[in-house]
Amino acid sequence: MAVMTRGTALRLLLSATSGVALALSFPKAGLSAFAWIALVPLLYAAEGEPLSAVFGYGWFQGFACYLLSLYWVVITLHRFAGVRPLLAVGPLLALAGVLALYPGLSIWIAEFVTRRLRIPIVVTFPVAWTAMEWVRSFFPIGFPWDLLGYSAYRDLSLIQFAEFTGVYGVSALIALFNSVIYVVVFGGHARRVQRLSLAVLTVLMVAASAFGVARIRQVERDPAVGRLKIAMVQGDIPQTIKWNPLFLQRSFTAYVHGSEAAGKRGADLIVWPEAAATFYFQPTDRYPAMLSTDERYRARLLKLAHDVGEPILFGAPALGVEDGRLGSYNRAYLVSGAGAVVDYYDKIQLVPFGEYVPLRSVLGYFVNRIVAGFGDMFPGRRQTIFTVKGARLGVLICYESIFPDLSRLAVKRGAEILLNITNDAWYGRSSAPYQLLAMAAMRSVETKVPMVRVANTGVSAVILPTGEITARTPLFVRTTQIETVGWRPERTVYTQVGDLFSEVLAALMLVALGLAALRPARGAAVG
């Protein structure tokens, strides 16, 4: 039986410290400065170690990070799915274990290429880390939660260059900062590497900050071409009663009162959160007899819009049939002030293990889904651009806001304001609502389009094109807040070219891996 040496134990401790520090850089703790040094202990732990051990240190770092930053998974499963706490820990361990593969692969790839091709770690590590973050948004289930760049969401002057690179560019800058600190402070790295890397980092940091300051001033100075008074109706419906038919009248009444108040205060558009209508709302009034209650509430909602005289955008489940199978959609509807259905949008990026089960033939028997009231859901296939009083609106439902490409495509297709409707009641008072808000803020930085976020239990807010979060509501408060949102004819580089920056880094990583695999192993690499 292998015995852990004192050196190995120390390196594992360093890896865990790196993971904990990185987790604390995200909300709710929000110690964002930690992100700029959090990866230094991991780089130190990996130096000179066998590549198999390097992967293990990276995996351990990721495991520690995601255990701490995703702890709310246990809360969700226990409180709202009735899973015993000890059993609820299992899915958290599994999720953290899978996500930890990416830091493990990042540091392994960086060290492998550095050792084989003699490329300094200060180059290989930021490329590998950023490329693997981009890969994580697709495979195996698509879960780009708490990417490194999101830790800087409050550093507005520093992150404005994300309009060229997306959040991945911010991740790359932070990874580079960590790498430079490592090569300058630790190890036997060549003086020329230390000096050049420090010089490059200094130039990039100064350039990013200078650009950010100038860009923010420009955005604030440019006049809006149009404005829309948007009412954010935060119903604060507890998840424990949300889908209980006995409380349908109570839940609906909360949104009726909020909408009537918004109409009296001159709102141009009234927005309800995701699944605020807790009944099946169909595009037409053709309902089977068993859904007569849903049909009545549909009529009441349309009458509400007519009586208020203003359009209402709201979330509701809808029934559908695909390939002969009955299922449902997580849908956003727009009804006019005349009480007619204008159009709808079906959520495209469904929540794995919540709204659908990946690899159902393998995992379906073992998975106990947590989204009561929906069952298996069909994904949407088109982005709908709604028009309200001259403003073109793109909708993101729930955690679709953490996928940069969805908001980018909506803006590219004409959206001038983004609406993010969500139900964060699942997470209680944990860090998850704040993490979601931070990630959503980056979408406005990337596209320079404002976002209005309307959440069932909060946090609702307006996010300016610079990423500044305004008009925040507290958690678990019923409120209706009206904000005037202006828009400008803006199309950023990121809106036009998408994830080209991260795609180039991924291509460079693959090329470097291929070349490194062809190069025989040799002595110690230069730092």
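Listed values, structure above:
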quantity: Cα centre as origin, Lys/Arg/Asp/Glu Cβ charges: the range 226-487 dipole, Debye; calculated: 200
quantity: Separation in nanometres of the label points that stand 7 Å from Cα toward Cβ, at His257 and Ala29; calculated: 4.0
quantity: Extension gain, Ala507 back to Phe476 (0.36 nm per residue minus Cα-Cα distance, nm); calculated: 6.6 nm
quantity: FRET efficiency, 1/(1 + (r/R0)^6) with R0 22 Å, evaluated for Arg296 and Arg250 via beta carbons; calculated: 0.90
quantity: Prolate/oblate/rounded call for the chain, Cα gyration tensor, a/c under 1.5 rounded; calculated: prolate
quantity: Residues with amide H under 5 Å from that of Gly467, placed H, sequence gap 5 or more; calculated: Val445
quantity: Part-to-part distance (alpha-carbon centres) for the range 43-93 and the range 185-227, which is given in Å; calculated: 32
quantity: Förster radius 41 Å - calculated FRET efficiency between Ala224 and Phe139 (Cβ-Cβ, nearest 0.05); calculated: 0.55
quantity: Pairwise FRET efficiency - Val497 versus Arg382, Cβ, R0 = 22 Å, nearest 0.05; calculated: 0.50
quantity: Given charges at Cβ of Lys, Arg, Asp, Glu: the range 226-487 dipole, positive-most of Tyr287, Val335, Ile230; calculated: Ile230
quantity: Cα centroid separation, the range 247-276 to the range 419-458 (Å); calculated: 19
quantity: Distance between modelled label sites at Asp285 and Ala210, nm, 7 Å Cα→Cβ extension; calculated: 6.5
quantity: Cα gyration tensor category, rounded, prolate or oblate, for the range 173-244 with a/c compared to 1.5; calculated: oblate
quantity: From phi via Karplus (6.51, -1.76, 1.60), per-residue ³J(HN,Hα) for the range 43-50 in Hz, x at Gly/Pro; calculated: 4, 5, 5, 7, 4, x, 8, x
quantity: Test item: Cα-centred dipole of the chain, Lys/Arg +1 and Asp/Glu -1 on Cβ, debye; calculated: 540
quantity: Vicinal HN-Hα couplings computed from phi for the range 259-264 (Karplus, 6.51 cos²θ - 1.76 cosθ + 1.60; Hz; Gly/Pro x); calculated: 6, 5, 5, 5, x, 5
quantity: Mean ellipticity per residue at 222 nm, deg cm²/dmol - from DSSP H runs of n ≥ 4 across the chain, formula -39500 (n - 2.57); calculated: -15000 deg cm²/dmol
quantity: Spin-label proximity, Ala340 to the range 266-297 - amide N less than 18 Å from point 7 Å beyond Cα toward beta carbon; calculated: 282-286
quantity: Beta bridge orientation in the chain: antiparallel %, DSSP, nearest 5; calculated: 65
quantity: Selection from Trp243, Pro358, Ser52, by position along the positive dipole direction of the chain (Cβ); calculated: Ser52
quantity: Loop-resident sites, the range 160-222, for trypsin sites (Lys or Arg not before Pro), counting at most 11 other Cβ within 10 Å (DSSP); calculated: none
quantity: Percent RCO, i.e. relative contact order, over the range 392-527, from Cα pairs under 8 Å lying at least 6 residues apart; calculated: 21
quantity: Given the chain, longest segment not containing exposed loop chymotrypsin sites (Phe, Trp or Tyr not before Pro) (DSSP; at most 12 other Cβ within 10 Å); calculated: 139-364
quantity: Residue exposure sequence - Thr17, Thr293 - by fewest surrounding Cβ within 10 Å; calculated: Thr293, Thr17
quantity: Karplus 3J(HN,Hα) series, Hz, for the range 129-145 with 6.51 cos²θ - 1.76 cosθ + 1.60 (x for Gly, Pro); calculated: 4, 5, 4, 6, 4, 5, 4, 4, 6, 10, 10, x, 10, x, 9, x, 7
quantity: Rg over Rh [alpha-carbon atoms, Kirkwood Rh] for the range 226-487; calculated: 0.94
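Readers should treat all values here as calculations from the given coordinates under stated rules, not as data from a laboratory. A quick note: this is a predicted structure, and the numbers were derived from the prediction, not measured. So basically every Cβ, Gly included, is an ideal-geometry build from the backbone, and we count neighbours across all protein chains shown.
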